[in-house]
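> Dropping the structure in here first, questions after.
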Amino acid sequence: MKDFLEWTKPGSEEARLASLLDPGTFPRHIAVIMDGNGRWARARHLPRVAGHRAGVISVREIIETCCRLEIKALTLYAFSVENWKRPRSEVETLWGLLRHYLHRELPELKRNGVRFQIIGRVDALPRAVQDDLDIAMVETAANSGLRLSVALNYGGRAEIVDAVNSILAQARKVDGEFHVNEQMLSEHLYTSGLPDPDLLIRTSGEMRVSNFLLWQIAYAEIFVTEQLWPDFRAVDLLEALLDYQKRERRYGGLGDKTESSEPPCELVGVSSAPTAGEPDSDDLPASSLRQ
Ligand code: FPP
């Protein structure tokens with residue numbers, strides 16, 4: 001945060017917003033649905049790919065800002081399993097932009113201590129893209145700063161299916177009883193080892209989660225902005241953080257709103273307030289923790 005304040009221009013909107021933030025209650029993990037590149041381009045009578053190109057500038061700024069704010073984890077939704085339905089030329093441009101980004105930004109990511117990883121069915125990506133991604137992952141693997149995940153050929157349902165198949169493979173090696181619980185499922189997701197997102201940001205005003213991190217966003221606070229992704233900058237991230245810090249996270253309980261002196265009616269072995277990324281309950285009826 002100190003680094004961030006030194007970086008902002010005194011008197012700027014960033015500096016003003018930053019001074020209102022409490023670094024002690026930042027989200028540990030921010031997930032972003034980057035949407036609106038096509039609309040940004042259309043509004044300027046440009047081809048859609050110009051929107052993606054402009055979107056890379058936002059990617060760069062948001063990563064840099066998260067580093068300066070010392071956010072622990074950032075996950076960006078860059079290409080969904082459904083995005084293959086787009087024209088080949090657009091898809092190929094996206095791979096080109098990603099490769100160009102990696103070639104140009106890897107030294108900076110390393111300097112900032114970013115640990116880079118991909119979530120999604122990476123095996124289906126073009127070989128050259130996989131090779132560049134592997135280099136970035138290997139070269140940043142020992143870093144201890146921002147955990148940056150880029151979702152590529154990603155689908156939330158596909159991720160859960162992959163986790164179930166991975167658990168089944170494990171179960172086949174076990175003689176006797178095998179029991180699946182929430183923690184085990186979390187550990188077989190692509191995001192294993194990361195806390196669940198506390199804050200999900202979606203640009204361009206759509207009120208959808210679009211098959212993104214379906215399991216992990218169970219308790220995330222959702223922030224939707226009308227800004228299109230290429231217009232989303234540090235100042236917009238700070239606004240989202242301010243909004244997040246005004247929310248009361250209740251996890252199905254009553255938070256501070258209860259006037260009751262009664263102790264919570266907890267089921268045996270069930271925590272009433274699951275911590276992000278940590279297992280809450282096993283074998284609960286689906287309605288037990290609903291907010
Ligand atoms: C959604 O806008 C955006 C995408 C599908 C691609 C996002 C990719 C980038 C920002 C560039 C590459 C990423 C990295 C990590 C370097 P849309 O095309 O669906 O917009 P629309 O809804 O307005 O058509």
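The values are calculated or read from the model by the stated rules, or taken from the named source; none is laboratory data. Predicted model only: the values in this text are computed from it and were never measured. Note: ideal-geometry Cβ built from the backbone for every residue, glycine included; neighbour counts use all protein chains shown.
> Out of (1) surrounded by fewer than 16 Cβ atoms within 10 Å (Cβ to Cβ); (2) among the small types (Gly, Ala, Ser); (3) closer than 20 Å to Tyr77 by Cα, what's the single condition that is false for Ala169?
(3) is the only condition that Ala169 fails.
> Buried (at least 17 other Cβ atoms within 10 Å of the Cβ), in contact (Cβ under 8 Å) with a residue 24 or more places away in the chain, closer than 16 Å to Glu239 by Cα and not aromatic (Phe, Trp, Tyr): which single residue out of Ala54, Ala73, Ala18, Ala78 fits that description?
After ruling out the rest, the residue left standing is Ala18.
> Need a quick list: helices (runs of 4 or more DSSP H) entirely within region 108-212 having at least 2 residues that are modelled with pLDDT of 95 or more and within 16 Å of the ligand (Cβ to nearest atom). Give the steps one after another, and end with the answer.
Values: elements: 127-140, 156-172, 182-187.
The helices (runs of 4 or more DSSP H) meeting that bar are 127-140.
> Is it the case that region 234-253 has a residue that's buried (at least 21 other Cβ atoms within 10 Å of the Cβ) and over 26 Å from Leu20 (Cα atoms)?
No, because not a single residue in region 234-253 is buried (at least 21 other Cβ atoms within 10 Å of the Cβ) and over 26 Å from Leu20 (Cα atoms).
> When you look at Ala73, is it among the aliphatic types (A, V, I, L, M) and touching a Pro at 6+ places or on another chain (Cβ under 7 Å), yes or no? Before the answer, list the steps.
On the way: among the aliphatic types (A, V, I, L, M): yes; touching a Pro at 6+ places or on another chain (Cβ under 7 Å): yes.
For Ala73, the condition - among the aliphatic types (A, V, I, L, M) and touching a Pro at 6+ places or on another chain (Cβ under 7 Å) - is met.
> Show me the helices (runs of 4 or more DSSP H) entirely contained within region 1-96 in which 1 or more residues are more than 9 Å from the ligand (Cβ to nearest atom) and within 21 Å of Asp243 (Cα to Cα).
2-7, 13-20, 48-69
> Still on this model: Write out, first by first residue and then by second, each pair whose Cβ atoms fall under 6 Å of each other, whose residues are 6+ apart or on separate chains, and whose first residue, in region 92-109, is under 20 Å from Glu64 (Cβ atoms) while the second is within 9 Å of the ligand (Cβ to nearest atom) and part of a helix (DSSP H, G or I).
Qualifying pairs under 6 Å: Leu97/His52; Leu97/Val56; Tyr101/Val56.
> Which residues, counting only those in region 108-130, are in contact with a helix residue (DSSP H, G or I) (Cβ under 7 Å, 6 or more places away or on another chain) and of a type outside the set (A, V, I, L, M, F, W, C)?
Lys110, Asn112, Arg115, Gln117, Arg121, Pro126, Gln130
> Would you mind finding the one in Leu242, Leu237 that is more than 13 Å from the chain's Cα centre (by Cα), within 16 Å of the ligand (Cβ to nearest atom), assigned to a helix (DSSP H, G or I) and hydrophobic (A, V, I, L, M, F, W, C)?
Leu237
> With the structure loaded, tell me whether Arg202 is among the charged types (D, E, K, R) and surrounded by fewer than 17 Cβ atoms within 10 Å (Cβ to Cβ) or whether it fails that test.
Judged against the criteria, Arg202 is not a match.
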